[in-house]
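Data first, discussion second: the structure below is written as structure tokens.
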Amino acid sequence: MKNYLLVCCMCWLSLCAGLRLHAQQLATAFSLSDTLPLRPDLRMATLPNGLRYYLLPNKTPENRAELRLVVHAGSLQEEDDQLGVAHFVEHMAFNGSRHFKKNELIDYLEHTGVRFGADLNAYTSFEETVYMLQARSDSLELLEKGLLILQDWAGGVSFEREEVDKERGVVIEEWRTRLSADQRLQQKTFPVLYEGSRYARRLPIGKPEIIEQIGLKRVKQFYKDWYRPDLMAVVATGDFDPAWMEAQIRARFGKLRMPTRPRPREDYPIPPQPGTRYAMFTDPETPFTRATIRYKHKAQKVKTVGDFRQNIIRNLYNRMLNARMQDIGRQAHPPFTFAYAGYGNNISDLATYTVYAFTAEGEAIRGLEAVFGEVKRAQLHGFTSTELERHKAEIMANVERAYLERDKSASDNLAMGCVYHYLQGHSLLSPAQTLALYRQLLPGIGLQEVNEAGRNWITDENRVVTITGPEKEGVPLPTVAELEAMFERFERMQPPPYEDGVKAGPLLEQPLPPGQVVDTRYHDSVQVQEWKLANGVRVVLKPTDFKNDEILMSSFSPGGHSLYSDADFHTASRAALLVSEGGVGNFDFLQLQKKLAGKRVNVGPYIDELYEGLSGSCSPAELETLLQLVYLYFTAPRKDPQALAAFVSQQKSFLQNMRASPGYHVAIESAKIRYGNHFRRQALPTLADIEAIDLDRALAIYRDRFADASDFTFVFVGNLEPDSVRDLIATYLGNLPATWRKEQGRDVGARL
């Protein structure tokens, strides 16, 4: 144990020194007026014809390159007789081009291991169309083919009449299958939310009647007008020689010609609207009530270090307020199933402060008032110092983890970062630059300026209220008069200050005696070490270098809820969930989350049909915390009646209108057919099933499943050195209870 702690201490001091060094190297360069820097490994330039390119070498995954063609044109650029054409052109790019006839493109790529829809895809939005392709870079021929595909998309789509006519049906079918209750409600609410702007009339999916009839000339005209180099960017990230890639992009895409008379590309702002707009809509197939209130503001771009600091302040405000919402959601009879309030960018030049509540039927006003009560509490009294420090620690832990994993960043994520830098001006910081900024800025952000941040976000102007719910007799949505009365009550609210229930003390009150490894085996072919502990616990360890700051843990033991009767099924299958919601040892769920704030560690139990166990993850520095949680989940689960009441309330809210959803009936009938209506293969429980869950019985079943660790196997994979963690693992897992019983999961008789 002493050796392990010494090693951990030395590693942690080395890590902190490295983090401090990088912060010190960059921190002195930043003042609030400075423009945010670009990451130093990025190559970005604009060709003479106006096309911009981004190159970012990256080794994860090996032998792969992520390629993107970004067209800064989408449904907003459509004329009234072209609604849906931007999306239609995207489809046509996969149906033949200068160098790839008809389906040759997809056939060729799939033969090289690229999967359509996973490695080869595209999307169309209001302001952009983005084509995404993963190419193999261990073959020059295949990588060149990938670039040739992008080159064809940029200027060589064929638009053969036969393919255009065939694709009409594909696009219309996509429109039809997307026409869910949510899509129908969106089509109703968008014109209210974006009233007076082009966004209200230009949903990217378009109109099927136009796609059915539009002529080939008008489809090709959109491509000619908007697929041009000054509205394009090429992005390449991945495992390649950047000098070679840069030469290829310059040679291939430098040939694209600008039109003689290019059409001006207009920006379409969203104008402010006086007062409040209301939109209340029902749909026969939506099972949920959703209430959303948006306060529209002018968005501010994050261009300078000062902007970046303001963004941190807004993030802290949002995080702390929504943590309080989560607390409310855990009450015995919560006023909402899910809720949040927060400030953030929307679309175009619009930012919104949003108050949202997902509620049981007929409870929209109650849910919104609960959210507004917390909003008002924050406005009147602000947040507490313990809340601020806790959320600062969590943010800093995330930033430091990103830095530690800097050489493991996935190329597709880096590629999309470049895409949004081109389209929206998002920052393109390296992990070291981000770390330095947070190290410099976060400590100096005080409680007073965070508290002030949200006090001007709620106004009587530029407010949009949208409430949607089931079309159900006897359960109407709120009226405008009821909502106006709620806003008046908000002005008069006087909630008391928030009390932050932070509990002190260690997770474990007493240290555990050392455990004992009684047998060790090595599996050299797979580089796995296996131990047997004195209490029968089996431990399997595999060091890996896929992540620098991560250890994964999983454990299993035969048994599961198959060992209990049908009468116990719904209780047994949710016993582990109820324990997770109740906390462990001296800490209830909320106290435990606060105790672990800023730590990279999580553990959760499960009981499935044939096995029970725990799974989790942690940073190497938090392995002991993970093991302490494992020990507590075995030996000190908590009984929390409020957790059960909250769970039942949320499930009732979820299930009460599910019969309105076609998907519900598909799931129910499919499960009946596949398993002969077997009791333990229901697609969803009924309200009666949920109400019948017995907390005492659930806790008894959980204790029974975790009463004997002698048949448990624990697997640890990640950045670990087996010899260094041996004593630590032996101590915590070696002290788990053992009764040496022999059992297996039971065949419950479910057959396809």
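The values are calculated or read from the model by the stated rules, or taken from the named source; none is laboratory data. Nothing here was measured: the structure is a model prediction, and the numbers come from that model. Neighbour counts are summed over all protein chains in view; Cβ atoms, including those assigned to glycine, are modelled from backbone coordinates with ideal geometry. Heads up: the accessible areas ignore ligands, DNA and RNA and are worked out on the full protein's heavy atoms, side chains in. Shrake-Rupley method; radii C 1.70, N 1.55, O 1.52, S 1.80 Å.
Quick notes
- Whenever a residue of the stretch 121-144 is over 30 Å from residue 202 (Cα atoms), its partners that are of a type in the set (Gly, Ala, Ser) and in a helix (DSSP H, G or I), lying with C-beta atoms within less than 6 angstrom and at least six residues away or across chains, give the pairs 135/146.
- Residues (part of a helix (DSSP H, G or I), of a type outside the set (S, T, N, Q) and under 24 Å from residue 33 (Cβ atoms)) located in the stretch 309-344: 309, 312, 313, 314, 316, 317
- Residue in the stretch 619-633 that is among the charged types (D, E, K, R), touching a His at 6+ places or on another chain (Cβ under 9 Å), modelled with pLDDT of 95 or more and closer than 30 Å to residue 537 by Cβ present: no
- Residue list for the stretch 358-379, restricted to those being more than 19 Å from the chain's Cα centre (by Cα) and assigned to a strand (DSSP E or B): 359
- Considering (1) at negative phi; (2) part of a loop (DSSP other than H, G, I, E, B); (3) in contact with a Leu (Cβ under 9 Å, 6 or more places away or on another chain), the lone condition that residue 101 does not fulfil carries the number (3).
- If you go through the stretch 642-661 and pick out every residue that is in a helix (DSSP H, G or I) and either farther than 20 Å from residue 358 by Cα or in contact with a Lys or Arg (Cβ under 8 Å, 6 or more places away or on another chain) (or both), you end up with 5.
- Residue check for residue 660: modelled with pLDDT under 95, hydrophobic (A, V, I, L, M, F, W, C) and within 27 Å of the chain's Cα centre (by Cα): no
- Restricting the stretch 626-676 to residues that are buried (at least 19 other Cβ atoms within 10 Å of the Cβ) and of a type in the set (D, E, K, R), the residue that is nearest to residue 739 (Cα to Cα): 638
- Hey, residue 420 touching a strand residue (DSSP E or B) at 6+ places or on another chain (Cβ under 7 Å), under 29 Å from residue 195 (Cβ atoms) and either in contact (Cβ under 8 Å) with a residue 60 or more places away in the chain or not in a strand (DSSP E or B) (or both) or not: no
- Residue-level analysis places residue 412 among those that are open to solvent by 30 Å² or more (accessible area, probe 1.4 Å), closer than 28 Å to residue 73 by Cβ and charged (D, E, K, R).
- Unmet requirement for residue 506, which otherwise passes all of (1) farther than 30 Å from residue 720 by Cα; (2) surrounded by fewer than 14 Cβ atoms within 10 Å (Cβ to Cβ); (3) in contact with a helix residue (DSSP H, G or I) (Cβ under 9 Å, 6 or more places away or on another chain): (1)
- Total residues in the stretch 222-252, condition within 29 Å of residue 83 (Cα to Cα) and either touching a residue at least 40 places away in the same chain (Cβ under 8 Å) or open to solvent by less than 40 Å² (accessible area, probe 1.4 Å) (or both): 13
- The stretch 543-560, residues that are under 28 Å from the mean Cα position of the chain (by Cα) and either on the phi > 0 side of the Ramachandran plot or open to solvent by 40 Å² or more (accessible area, probe 1.4 Å) (or both): 543, 545, 546, 547, 548, 552, 554, 556
- Test result for residue 292, at pLDDT below 95 and closer than 30 Å to residue 646 by Cβ: no
- Test for residue 172: is it touching a Pro at 6+ places or on another chain (Cβ under 6 Å), of a type outside the set (Ser, Thr, Tyr) and surrounded by 15 or more Cβ atoms within 10 Å (Cβ to Cβ): yes
- Residue within the stretch 58-75 that is surrounded by 14 or more Cβ atoms within 10 Å (Cβ to Cβ), at pLDDT 95 or above, in contact with a Phe, Trp or Tyr (Cβ under 8 Å, 6 or more places away or on another chain) and assigned to a helix (DSSP H, G or I) present: yes
- Subset of the stretch 415-424 [buried (at least 18 other Cβ atoms within 10 Å of the Cβ) and more than 16 Å from the chain's Cα centre (by Cα)]: 415, 418, 419, 421, 422
- Candidates 435, 477, 441, 483, filtered to the one that is crowded, with 18+ Cβ neighbours inside 10 Å, in a loop (DSSP other than H, G, I, E, B), touching a residue at least 40 places away in the same chain (Cβ under 8 Å) and aliphatic (A, V, I, L, M): 477
- If the condition is being under 22 Å from residue 510 (Cα atoms) and aromatic (Phe, Trp, Tyr), then the stretch 564-613 contributes 587, 589.
- Test: residue in the stretch 563-571 that is under 21 Å from residue 736 (Cα atoms) and either open to solvent by less than 20 Å² (accessible area, probe 1.4 Å) or of a type in the set (S, T, N, Q) (or both): no
- Top-ranked residue in the stretch 677-707 [being in a loop (DSSP other than H, G, I, E, B) and closer than 27 Å to residue 736 by Cα; ranked as most open to solvent (accessible area, probe 1.4 Å)]: 694
- As a summary of the residue check, residue 351 satisfies the conditions (1) open to solvent by less than 10 Å² (accessible area, probe 1.4 Å); (2) within 30 Å of residue 642 (Cβ to Cβ) except for the one numbered (2).
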